[in-house]
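Participant: After the structure tokens below, expect a handful of questions from me.
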């Protein structure tokens, strides 16, 4: 099996090497010619994946190392029977930890304690729910707002 991975995906060769040959290259300028004999394509958001990239290739699976899928023509993949996976929530804990660290730094600079302070979290998905949990653990009063959930 041959895997093509964007050259800016850390540890791609280590992660996918046990499945076959891994080649890397620039995702921004990737063309279908480079994918003629590739079975698995691993991309980031800089690579537009659809018929113009995949026609005439042997790609059977596309993975994106991103949460969003707006750069992937998911309907095209489905119609062609090409497997697909994205990475929702993959960095949620790190982002939530960053928010807490930034909040602690700001509080320290202002000479204040976060306990008892109020924090508003807009969007209570993968990241927002973790930010809320961490803020509550620090004794903060958490106010949640998730407009898409309110519309549902």
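Participant: Check the range 46-60 and report whether any residue there is touching a helix residue (DSSP H, G or I) at 6+ places or on another chain (Cβ under 7 Å), under 18 Å from residue 90 (Cβ atoms) and free of Cβ contacts under 8 Å to residues at least 40 places away in the same chain.
Facilitator: no
Participant: Which one of 39, 33 is buried (at least 17 other Cβ atoms within 10 Å of the Cβ) and outside the structural domain of residue 135 (by TED's automatic domain parsing)?
Facilitator: Checking each option against the conditions leaves just 39.
Participant: Just to confirm my filter: which strands (runs of 3 or more DSSP E) fall fully inside the range 46-132 and include at least 2 residues that are at pLDDT 95 or above and closer than 19 Å to residue 28 by Cα?
Facilitator: Result: 61-64.
Participant: Something else: Does the range 114-123 contain at least one residue that is at negative phi, surrounded by 12 or more Cβ atoms within 10 Å (Cβ to Cβ) and free of Cβ contacts under 8 Å to residues at least 12 places away in the same chain?
Facilitator: no
Participant: What's the total number of residues in the range 136-149 that are assigned to a helix (DSSP H, G or I) and either closer than 26 Å to residue 66 by Cβ or assigned by TED's automatic domain parsing to the domain that holds residue 66 (or both)?
Facilitator: 3
The values are calculated or read from the model by the stated rules, or taken from the named source; none is laboratory data. The structure displayed is predicted, hence computed values, not measured ones. Quick reminder, even Gly has a Cβ in these numbers, built from the backbone with ideal geometry, and neighbours come from all protein chains shown.
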